[in-house]
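Here the structure comes first, spelled out in structure tokens, and everything after it is commentary.
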Amino acid sequence: MTTVGIPGGRDVTASLDRPASDTVVVACPPHPQYGGKRSDTRLQSVSDALAPDVGCLRFDYGAWDEGRGERVDAENALAWASERADSVGLFGYSFGAAVALRAAAEAESHVCPAVLSVLAPPAGLADHLDATAALDAIDCPVQVVVGERDDTVDWEAVVDRAAELGQAVERLPADHHFVGQSGRVGETVGPFLRDHL
């Protein structure tokens, strides 16, 4: 693992697992105001599932900016990874799922991810983080993974729209936090990302 700074005018630090890889997945953490960090167990389980030949760039957001700056952080992380890797995927959990969906929808063509997986995505946190609407603007394969007992966020609209668009939907017997199921998260998300990178 290597620690890197992500350029872009905000104080964003990341951990790059398996830095020699020419394929990288950028991982967006959950809500920073609720303790979301790059060390999140769900992000780490996805990184572990990508080993040994796919790198994972797990980053911490810069100063809280109501989701706007956090989306920019994800876009900057995608750009950084795209400059160094032949193929780049994107993953996000909870708040990070909404950030990842918007970042993928709004990314410039040269940094668009090859694949996107989101875990427990909220349908929308604000107009600028409308995860459901973002699905219509994403051209890569998308996987939406939810916990069937998740009553923390309103994920149903994202699942419904993903299904309408023919994207992959996975339901796990879990709540929003996937307590005790980090390994299962990795087993569900990792292969999907690997297969499309």
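Mind listing whichever residues of the stretch 42-54 are open to solvent by 50 Å² or more (accessible area, probe 1.4 Å) and in a loop (DSSP other than H, G, I, E, B)? Before you say what the answer is, go through the steps one by one.
Here is the first cut: in the stretch 42-54, the residues open to solvent by 50 Å² or more (accessible area, probe 1.4 Å) are 44, 48, 52-53.
Passing the criteria: PRO52, ASP53.
Could you grab the pairs with beta carbons closer than 8 Å, sequence gap of 6+ or different chains, first residue in the stretch 179-197 and assigned to a helix (DSSP H, G or I), second one basic (Lys, Arg) and open to solvent by less than 50 Å² (accessible area, probe 1.4 Å)?
Every condition considered, the pairs that remain are SER182/ARG42; VAL185/ARG42.
Looking for something surrounded by fewer than 24 Cβ atoms within 10 Å (Cβ to Cβ) and under 12 Å from the mean Cα position of the chain (by Cα) - is there at least one such residue anywhere in the stretch 77-87?
Of the stretch 77-87, the ones surrounded by fewer than 24 Cβ atoms within 10 Å (Cβ to Cβ) are 79, 82-87.
Adding the requirement that they be under 12 Å from the mean Cα position of the chain (by Cα) leaves none.
No - not one qualifying residue is present in the stretch 77-87.
Being free of Cβ contacts under 8 Å to residues at least 40 places away in the same chain and surrounded by 17 or more Cβ atoms within 10 Å (Cβ to Cβ) is the requirement here; does ALA157 meet it?
yes
Condition check ((1) touching a helix residue (DSSP H, G or I) at 6+ places or on another chain (Cβ under 7 Å); (2) within 21 Å of GLU187 (Cα to Cα)) across all residues:
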site: CYS56; (1), (2): yes, yes
site: ASP65; (1), (2): no, no
site: ARG68; (1), (2): yes, no
site: ASN76; (1), (2): no, no
site: ALA81; (1), (2): no, no
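Yes/no matrix, rows are residues, columns are (1) open to solvent by less than 50 Å² (accessible area, probe 1.4 Å); (2) more than 28 Å from GLY124 (Cα to Cα); (3) modelled with pLDDT of 95 or more:
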residue	(1), (2), (3)
THR3	no, yes, yes
ASP17	yes, yes, yes
ALA27	yes, no, yes
ASP40	yes, no, yes
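Inside the stretch 43-66, can you point out the residues that are under 21 Å from VAL153 (Cα atoms) and either hydroxyl-bearing (Ser, Thr, Tyr) or in contact with a Ser or Thr (Cβ under 6 Å, 6 or more places away or on another chain) (or both)?
If the condition is that a residue be under 21 Å from VAL153 (Cα atoms) and either hydroxyl-bearing (Ser, Thr, Tyr) or in contact with a Ser or Thr (Cβ under 6 Å, 6 or more places away or on another chain) (or both), then TYR61 is the only one that fits.
Consider the stretch 149-178. How many of its residues are in a loop (DSSP other than H, G, I, E, B), more than 21 Å from ASP40 (Cβ to Cβ) and out of contact with any strand residue (DSSP E or B) (no Cβ under 9 Å at 6 or more places or on another chain)?
The total comes to 1.
The values are calculated or read from the model by the stated rules, or taken from the named source; none is laboratory data. These numbers come from a predicted model, not from an experiment. Note: ideal-geometry Cβ built from the backbone for every residue, glycine included; neighbour counts use all protein chains shown. Side chains included, ligands, DNA and RNA excluded: accessible areas come from the protein's heavy atoms. Shrake-Rupley method; radii C 1.70, N 1.55, O 1.52, S 1.80 Å.
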